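The values are calculated or read from the model by the stated rules, or taken from the named source; none is laboratory data. All values derive from a computational prediction rather than experimental measurement. Cβ placement follows ideal geometry from the backbone for every residue including glycine, while neighbour counts extend to all protein chains displayed.
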Amino acid sequence: MNDATTDRTGAELAAVYRALDRVQAIVEFELDGTVITANDNFLELFGYGADEVVGKHHRIFCDPAYAESPEYQALWEKLAAGEFLSDEFKRVGKDGQTIWLRASYNPVIGEGGKPVKVIKFATDVTANKMRAAEYRGLISAINRAQAAIEFDLDGTILDANENFLEIFGYKKDEVVGRHHRIFCEPGYADSPDYKSFWQKLGQGEFNCGEFRRLRKDGTEVWLQATYNPIMDLDGKPVRVVKFATDITAEVQKRSLALLEMSTPVTKIWDGVLFAPIVGIVDSKRAIDIMDKALASILDHRAHTLMLDIGGVGVVDTAVADHLIKIAKAAVLMGCKTTISGISPAIAQTIAELGIDLGSIQTTSTIETGLREAIASATRSGA
C-alpha cells in the first residue's frame, strides 16, 4: 500500500469516526476499564463533565452491587483478552437514574496483535425499555384479569392463557394448533356467518360483543369479548388476539328474567295473534315462544301470527333459524306468519348472511304489520 492510499484510507476512517461521534455516545477505556476520553453525547447522556470521568473507572456508570460481582470482573477480563461484546446494558447516570444502552465494546488491536484499549459505541434505549416494561406489565395485568387467546388469521389457535383454558375446560396442548371452531356449535361453524366473521378479522376489522360458545363438555358459555387484529409494521394484520370475560351467569339471569317475563302471545283481532320478542333468542327461549304460539293458535283458531323482533338485539344465522322454525310450525297449523320490526341494520344482516325467510312476510314497523294483518282478517271475513 503506497503513501497516497494510506493517507486516503486514514482520511476515510477519520470521516467515519466523526460521523459516529455526531450520532452515538462514545467512550474510550484502558484495558483495565479506566476512562481515557468520552464524547459530548456520552457525557450528556450520563450527566457528567469530562473532568468528572476521565481517569475514573467504568464502574462509576454501574450499580455498586454489579460492579463488585464476578460477572463484572469477567467483562473486563474478556475485553482485555480482545473479545468483542455487544448487547443491551443497564447502567447508572450521575443522578442515580437507570440508563439502558444498546452498546458494543470494541477492543482495539495494536501493531503487535494485542489489545491496547477499548472503544465503546452506545445508543440510549431507555425509553424503549421502559415502554416494553410497561407493555409487559399491561399484558400481565390483562392475563390476570381476563381470558386471552391468540389465533392465526385463519382461526388456528396459537396460544391461550390459564383463564381461558379454565373457562373452557381444556389443557393448552388440547387447543394449540386446532381451529377456533372447536368452541362453536357445528351448525354455526359451517355457516356463511362464521366464514364472514373470520374473513373480516383477516382484513383487520375489530369485533366485539357477546358470543355464545361451547366448553369441552358441550355446555354453553357466554363471553363478553373483543377480537383484536394485530398489525405488523406495514399495517397488515398478522394475528388475532381475543380478550374475554365469562358472562354466562349474567346471561342466564337475563334469560331467566325474560322467560319469567315471558313472551306474551296476544289476540289483537279475530284470528290474529301478536307476539313481541325482546332480548336474546337462544334455543331454550325459542322453544318457549314456539310452545306458547302454537298453543295460542290452537286456542284462538288463529290464521295469522305476527312476531315483532324490534327488541331483539342481534339477528344472526342462529336467531333467524329459530324464527323460521317458529314460523314453519305455525304454517303447519294453517297459520300465516309475519315478522315486524325489521330495522335497516337487521335487513342488511339478513341479506349479507343470505338467510332465506321463505314465504314469511316481513314489515319494518309494528303498525304496518298490524294494519296488514287486520286488513287481511277483515277481507277473509274473520
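Annotations for the structure displayed:
- Scope segment 160-184; condition closer than 19 Å to I230 by Cα, buried (at least 16 other Cβ atoms within 10 Å of the Cβ) and β-branched (V, I, T); matching residues: none
- Of all residues making up segment 108-159, the number that are surrounded by 12 or more Cβ atoms within 10 Å (Cβ to Cβ), without any contact (Cβ under 8 Å) to a residue 40 or more places away in the chain and of a type outside the set (A, V, I, L, M): 6
- So K200, is it surrounded by 19 or more Cβ atoms within 10 Å (Cβ to Cβ), touching a strand residue (DSSP E or B) at 6+ places or on another chain (Cβ under 9 Å) and farther than 27 Å from T337 by Cβ: no
- The condition of being out of contact with any helix residue (DSSP H, G or I) (no Cβ under 8 Å at 6 or more places or on another chain) and either at pLDDT below 95 or closer than 30 Å to K292 by Cα (or both) holds for E250.
- Considering (1) within 22 Å of V23 (Cα to Cα); (2) in contact with a strand residue (DSSP E or B) (Cβ under 8 Å, 6 or more places away or on another chain); (3) surrounded by 15 or more Cβ atoms within 10 Å (Cβ to Cβ), the lone condition that L43 does not fulfil carries the number (2).
Condition check ((1) over 18 Å from the mean Cα position of the chain (by Cα); (2) over 16 Å from L153 (Cα atoms); (3) surrounded by fewer than 16 Cβ atoms within 10 Å (Cβ to Cβ)) across all residues:
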position: K195; (1), (2), (3): yes, no, yes
position: R213; (1), (2), (3): no, yes, no
position: A225; (1), (2), (3): no, yes, no
position: M231; (1), (2), (3): no, no, yes
position: V240; (1), (2), (3): no, no, no
position: D246; (1), (2), (3): no, yes, no
position: A249; (1), (2), (3): yes, yes, yes
position: Q252; (1), (2), (3): yes, yes, yes
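- The listed residues are V108, V92, V118, and the only one of them that is touching a Cys at 6+ places or on another chain (Cβ under 7 Å) and assigned by TED's automatic domain parsing to the domain that holds Y17 turns out to be V92.
- Conditions (1) assigned by TED's automatic domain parsing to the domain that holds N207; (2) part of a helix (DSSP H, G or I); (3) of a type in the set (G, A, S); number of the one not met by S140: (1)
- Members of segment 92-103 that are of a type in the set (G, A, S) and surrounded by fewer than 17 Cβ atoms within 10 Å (Cβ to Cβ): G93, G96
- Qualifying residue in segment 276-284 (condition: outside the structural domain of Y194 (by TED's automatic domain parsing), over 20 Å from R213 (Cβ atoms), over 32 Å from the mean Cα position of the chain (by Cα) and surrounded by 21 or more Cβ atoms within 10 Å (Cβ to Cβ)): yes
- Boolean, V16 is aliphatic (A, V, I, L, M), at pLDDT below 95 and touching a strand residue (DSSP E or B) at 6+ places or on another chain (Cβ under 9 Å): no
- Residues of segment 369-382 satisfying the condition of being modelled with pLDDT of 70 or more and either within 14 Å of I309 (Cα to Cα) or surrounded by 15 or more Cβ atoms within 10 Å (Cβ to Cβ) (or both): G369, L370, E372, A373, I374
- Count of segment 91-118 residues which are closer than 22 Å to L20 by Cα and assigned to a strand (DSSP E or B): 16
- Looking across segment 288-324, the residues that are in contact with a helix residue (DSSP H, G or I) (Cβ under 9 Å, 6 or more places away or on another chain), among the hydrophobic types (A, V, I, L, M, F, W, C) and in a helix (DSSP H, G or I) come down to I289, M290, A293, L294, I297, A318, V319, A320, L323.
- Which numbered condition S196 misses (of (1) over 30 Å from Y170 (Cβ atoms); (2) touching a residue at least 24 places away in the same chain (Cβ under 8 Å)): (1)
- Listed conditions (1) farther than 27 Å from T98 by Cβ; (2) modelled with pLDDT of 80 or more; (3) charged (D, E, K, R); (4) more than 50 Å from the chain's Cα centre (by Cα) are all met by D51, apart from (1).
- Residues in segment 325-349 that are under 29 Å from G209 (Cα atoms), in contact with a strand residue (DSSP E or B) (Cβ under 9 Å, 6 or more places away or on another chain) and not in a loop (DSSP other than H, G, I, E, B): I326, A327, T338, I339, S340, I346, A347.
- Of the residues making up segment 329-352, those that are loosely packed, with under 14 Cβ neighbours inside 10 Å and either out of contact with any Pro (no Cβ under 9 Å at 6 or more places or on another chain) or closer than 18 Å to K292 by Cα (or both) are L332, G334, P344, A345, A347, Q348, A351.
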